[in-house]
Structure formats: C-alpha cells, structure tokens
1. Looking only at residues in the stretch A:111-149 that are under 24 Å from B:THR387 (Cα atoms) and small (Gly, Ala, Ser), which one is modelled with the lowest pLDDT?
2. Which pairs have Cβ atoms under 8 Å, sit 6 or more apart or on different chains, and link a residue in the stretch A:130-150 that is more than 8 Å from every other protein chain (Cβ to nearest Cβ) to one that is assigned to a loop (DSSP other than H, G, I, E, B) and surrounded by fewer than 21 Cβ atoms within 10 Å (Cβ to Cβ)?
3. Out of the helices (runs of 4 or more DSSP H) lying entirely within the stretch B:291-358, which hold 1 or more residues that are within 14 Å of chain A (Cβ to nearest Cβ)?
4. Residue check: is B:VAL15 in contact with a Ser or Thr (Cβ under 9 Å, 6 or more places away or on another chain), part of a helix (DSSP H, G or I) and free of Cβ contacts under 8 Å to residues at least 60 places away in the same chain?
5. Does any residue in the stretch B:390-410 that is closer than 22 Å to A:LEU79 by Cα come within less than 7 Å, Cβ to Cβ, of a residue that is assigned to a helix (DSSP H, G or I) and of a type in the set (Gly, Ala, Ser) six or more places away or on a different chain, and which pairs are these?
6. If I go through the stretch B:261-290 residue by residue, how many of them are surrounded by 19 or more Cβ atoms within 10 Å (Cβ to Cβ) and either assigned to a helix (DSSP H, G or I) or in contact with a Pro (Cβ under 8 Å, 6 or more places away or on another chain) (or both)?
7. Does B:TYR105 fit the bill of being part of a helix (DSSP H, G or I), of a type outside the set (A, V, I, L, M, F, W, C) and within 13 Å of chain A (Cβ to nearest Cβ)?
8. What's the total number of residues in the stretch A:67-121 that are surrounded by 15 or more Cβ atoms within 10 Å (Cβ to Cβ) and at positive phi?
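The values are calculated or read from the model by the stated rules, or taken from the named source; none is laboratory data. Being a predicted model, the structure only gives us computed values, none of them experimental. So basically every Cβ, Gly included, is an ideal-geometry build from the backbone, and we count neighbours across all protein chains shown.
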Amino acid sequence: MSEILTKSRARNIFYGGSLFFIVVFIAMTFHSHRYVVNVSTAGMPLSPEVVLGKHVWERHSCINCHTLHGEGAYFAPELGNVMTRWGVQDDPQSAFETLDGWMAAQPSGIEGRRQMPFFEITPEEMRGLAEFLRWADQTDTQGWPPTDAG
Amino acid sequence: MKYQSQKVAYAYFMVAMGLFGIQVLGGLLAGWVYVWPNTLSELLPFNIIRMIHTNALIVWLLLGFFGAAYFLVPEESEREIWSVKLAYLQLIILVVGTLGAVGSYLMGIHGGREFLEQPLWVKFGILVAAVIFLINISMTVLAGRKTAITGVLLTGLWLLSLLWIFAFINPDNLSLDKMYWWFVVHLWVEGTWELVMAAILAFLMLKLTGVDREVVEKWLYVIVATALFSGILGTGHHFYWIGLPGYWQWTGSIFSAFEVVPFFAMMSFAFIMVWKGRRNHPNKAALLWALGSATVAFFGAGVWGFLHTFHGVNFYTHGTQITAAHGHLAFYGAYVAMNLAIITYAMPLLRGRAPYNQVLNMVSFWLMTGGMAFMTFVLTFAGTIQTHMQRIVGDYYMDVQDQLALFYMMRLGAGVCVVLGALLFIYSQVVVRREVIAPNTMPKAEGEAA
C-alpha cells in the first residue's frame, strides 16, 4: 500500500474527491430546493399569516422544547402533525381556537408535570402560529411520522 | 513552547474551559428538570436552559479549535503568529459576543433556529472574528513551512467559516429553512469539524509517539478523504422526513453508513501510531485523552450514528431519545475529548511545567468518560422504549415520557459524574501547581525545549 498510495497521491485524492462530492451535493440540493417549492410544500400557499407564524415560532424558541418534523429538543411533543392530532388540520378557525385555548391554559402548574411557559402572543400572531402549524402539517414528509402520536 | 506567540493559546484555552464549566452545569440543570420538572419553570424555562447548554458547548469547542490552531500552527510553520494583537482582538470579540448572547437569552431575546439562536449582532461578531482568525492563521502558514497538518486544519477552518454564511439564510419556507440549516449543523460536525479533529489528532500523534511525519500525514489525508467522501452526501440522512425528495433516503442511507469509516480510521491510526512509536512521552494524560477521544468518537459518532442512520430504522427512531444518546456521546468523544486532549498536551508547555504527568487530569478522564458512557446507555434504553411505545404502538408522547422516569433519574446521576469530572479537569489545569505523583524523567520531544 505504501508504494501505490504515496502522500501526494493521498492528498490529490482528498482534494479532488471532495471537490467532486461538493459539486454533486450542490446539484442535488439545487433540485431539492425546487422540489420543496413546487411539490412537497405546494399544498397550501406560503401566506403572510404563515410567515408571521414562523416568526412567532422562532421568537419564542419553541424548537428548544418541542420537535418539528422530528427536529429540535425532545422535551415536549412533536408539532409537525399537531393539527392532525387535534383533528383540526382542515379547519383554520378550529385550529386557531384550539391552539389559543391550549396556550392560555399554560403553565398548568401541576406538580411533577413538565411545564410549558405562558407566552405573550396577540390574537393575530396566534392565528399566524396556527396557520404555520397547519402549513407544516400539510408538507409531504415521505409518510413521517409513523403514528399520529408524532 | 518554542514560539512566544503560542502563548495566545493559553488565553483561548482558559476561556474555553470557563465556558465548558457553564455548559456542563447547564446540562446538569436540564437533566434535573427532566426529573423535577417544576424547578425554575417560570424563571428559567427549559428552552432557555437548553439554549445555554448547546450554545456554550459550540462556542467553547470553537474557542478550543482556535486555541489549538494558535498553538500548533507556529510549531508546524516554524514561525511566530502573524499578529498576536489580532489574535487577542479576535478573542475579545468572541467573549463579548458570548456574554452578549447569554445575557440576551436570560432576558428572553433569542432567535428560533436550534443552535443558531444568537442575536444577529452576535452572528456578525462571530463572522468578523472568523475572518480575523482566517487572515491571521493563513498569513502565518503562507509565510512558513507548509505541512499536511496545517493544510488540512486550514481547509477545515476555512470551510466551516464559509458555511457560517448559512446561519444568516433563513427562508420563510420551513422545509428550505431546515435544508439550509443542516448546511451549518451537519456539514460542521460531520464534515469540516472532522478535518480539524483529525489535524489535531495527527499533531498530537506526531508529538506524543515520535512516528515519522510522512506516515502520520499520509494517514491524515486518508482519514479526511473518507470523512468528506461519506459526510457530504451523508447530509442526506437529515433530509428523509423534512419535505425533501425521496432519493435522499437511499443517498443518505448509503453514504452516511460510511461515516463510520473515518472514525474507525482515526481510532486505528491513534493506536497503531502508539504501538509503532518509539517515544515514551511523559504527558500520559494527553495520550489518554487522544486515544480516548478517537475511541469514544468511534462509538459515539460512528457506531451510535450507524445505529439509526438507515432510513428504514430512522423512520421509527427519528427525534427520540436515541438521537439524544447519539448526540451526547458523539460530541463528547469527537470534539470535547479532542479539545481536552490538546489542552492537556499544551497547558504544561504553556505554563512552563513540563514534564508533567497530570494524575488528577487522568482521573477526570475516567469520571467524564464513564459518566458519558452510562448516560448514553440509559438514553438508548429510554429511546428504544419510546420508539416502540410512541412510534409503533402509537401511545401519546407525554404518556410515554412518564414511563421513562427511571432512565431520566439514572441520566441525572450520570450527569453529576460528568460535571464532577469536568470541574476536576478544570481544577487540574488551572489551579494545581505540583505533581501528585512524581514523573519519570524522559527525553523531551521536538518543540518542547521550554
């Protein structure tokens, strides 16, 4: 091995091969970008309400307790399919009301139970958050999660 | 210490160790909240605790990498650092940014992308610091001797800084947001950071074992080649369920399965170099950390990653405690332990106390490694039960979590062990001034004429 694989050959393989894989990766992500926009998330428009909801989601850092499409912290339930779990995915008004009711009841204060904080969220923002979660729910995630439990 | 400017590394390592302490204490508090969930729930909610735990980790690892670079580049390049002033300026920017970030988190001001929660001005600060660093190190390397170690190290550091750009790109479309987010997160820890890790490991092997540079550097190229060949397309294993095309399932499964190879190679490399090496270096603790890092990285990143990387498995385990188990042991083995290895090697030289065998430091290795291993085992068991109950039976999340209480208690115990180890490590580096056990007198290695 030492005669065939010299140090300079190893170096060239490293730099050349890496460049090759970077190019392939960029090409694939370029295609994926278009696929996301045109196919997997196209079932519902990316409305100003959804965008507002995403900002609300980010401002309160929901991701550091919950998961969304399985990514995030593992301290609180999955929310990528929460609207399906609540049975309100196809009903924006019920989605808003259910979410608003849930958020208003936090924190539960129950001893020995994980506590969700109370968040100051205006009705408009709450509607956006509900729309954002409905938007996430309609994304084609290749059949994940396996059960409605998330 | 051969070059005066290497002293810069001392400041970086001290700040890194301070943040390391904050990181493990944050982790301990988070583990505590899993067992007693009402603790501080209104004053300091779990999401803020976790943010501090993860952010402190990332920043201190980066500070360790920067310190490592400032320590080893002068020796490799046979030059003083291009600008010592810039190196300290870079550290000041990073410290101000870190304090600013922690302060804003405590006041509830933060972003909402996991690990990238830093306020925008802190993100810019990091970018400026990275640019200063790259200029400084590149100028040093360009002026001096060019080695494979500095070449790979610089490639890794340049690429990881370049990828930081994606921290600023946050599309409104959630699936796109997630895809570009992984450009930072995955391509850091399963790509560019591996280059940095391998370069530091190669440097340590060179110094600790005395094996010929040609042999070490050829291994280095092979290791980093396997890392990037598997890791770049291996990004696909994060693209299974976030709204991306189905072809990522096969691409991700196949390539990420090979991500175990560079870690196996690093472990083999470390042990073979030690067997082959003629040098009996007095800094046994540095050798322990280097070998330990390569071994635990193989299990944490390699084996535990492989465990749930195939899409057929990941469909059920995605986002469970299995992921948490893997994340903890992988970060500890690959990056925490490698940073502690270079700190352990460098500190006696930086403080002018070599030869130095560091018995307390070695005790801290076993405390931390034992604690992390136990933590990984109990989280893996918890994750297995969670996967079955939640993903196959379909029980609700909180009902399942109630069944995992025993594992979370054991995880807290393991966490206490890790924190004790970490504090002992910091104490052994910062406070202890004499040998606990008298060292043998050994011939000094190249670059240790201090």
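1. If we take residues in the stretch A:111-149 being under 24 Å from B:THR387 (Cα atoms) and small (Gly, Ala, Ser), then A:GLY112 is modelled with the lowest pLDDT.
2. From the stretch A:130-150, the pairs are A:GLU131/A:SER47; A:ARG134/A:MET44; A:ARG134/A:GLN89; A:ASP137/A:GLN89; A:GLN138/A:GLY43; A:GLN138/A:MET44; A:GLN138/A:GLN89.
3. Helices (runs of 4 or more DSSP H) meeting the threshold: B:311-317, B:321-330.
4. So B:VAL15 fails the test.
5. From residues that are closer than 22 Å to A:LEU79 by Cα, the pairs are B:LEU404/B:ALA382.
6. So in the stretch B:261-290, the residues surrounded by 19 or more Cβ atoms within 10 Å (Cβ to Cβ) come out as B:262-263, B:265-267, B:269-270, B:273, B:281-290.
Retained after the next criterion (residues that are either assigned to a helix (DSSP H, G or I) or in contact with a Pro (Cβ under 8 Å, 6 or more places away or on another chain) (or both)): B:262-263, B:265-267, B:269-270, B:273, B:282-290.
Total satisfying the criteria: 17.
7. Criteria met by B:TYR105.
8. 3
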